[in-house]
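Worksheet for the structure shown next.
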Amino acid sequence: MDVDPRHYDHVAINDNDIHNVVISYLVHNCYKETAESFIACTGMKQSADHIEDMERRKRIINYALEGNALEAIELTEQLGHDLLEKNKELHFDVLSLHFVNLVRSRKCTEALEFAQTKLTPFGKMDKYVSKLEDFLALLAYEEPEKSPMFHLLSMDYRQQVADSLNRAILGCTSSIFIERFSQKLIEKIFARIAIKGQSAFGL
């Protein structure tokens with residue numbers, strides 16, 4: 001990373017800055033118990049809403065990772081009723097988790113019916129056509145896990161969608177303030193570390 005020390009000479013990092021970075025990480029990843037302990041130990045003031053949001057998001061993430069997309073969608077709509085409506089791509093991805101779960105369970109008839117009612121409407125937009133074709137192609141294989149689209153059945157794909165869903169929910173709740181604030185602090189901290197490293201090596 002190229003760092004110009006002149007841009008950060010005035011930056012001061014104090015304990016409160018570090019605390020905000022840590023709590024941001026804990027909130028983002030839904031480490032509820034650890035976050036509560038950290039808040040108690042440091043004397044930070046955090047809204048009870050943040051703790052409640054973490055619990056809800058954790059349940060949503062777990063549902064997504066399990067492939068229970070319909071439950072994840074229901075809880076997501078309780079947090080932000082128009083979140084998925086405004087984010088069509090994420091909505092498609094979350095719905096695809098349910099389709100994939102049906103395929104994995106060899107419920108091909110149900111999977112096809114679900115695709116026809118919930119996924120194919122996205123095909124009206126060109127950018128979803130290729131993705132839709134990949135998912136529907138899974139139905140052509142007796143062992144979809146061995147198909148060229150096997151990655152759509154993987155935990156990696158579910159994790160990717162769960163992460164995107166988590167970030168979207170954070171973006172529509174009060175927790176986003178912590179996220180943005182701490183991101184700036186993280187940039188400052190790494191900048192200061194980089195500067196010290198350059199000085200140590202005479203760069």
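A few points about this structure:
- Over the range 48-174, Cα pairs under 8 Å with separation of 6+ residues give a relative contact order of 32 percent.
- Kirkwood Rh and Cα Rg combined as Rg/Rh, the range 48-174: 0.99
- Added length on full extension, which subtracts the Cα-Cα distance from 0.36 nm per residue, L70 to T117: 15.5 nm
- Per-residue extension of 0.36 nm, minus the Cα-Cα distance of D156 and M44, leaves a gain of 36.8 nm for this segment.
- Stretch gain in nm, segment S130-S105, where the contour uses 0.36 nm per residue and the Cα spacing is subtracted: 6.6 nm
Only the coordinates and a few stated rules stand behind these numbers; no lab work does. Since we're looking at a predicted model, the values are computed, not measured.
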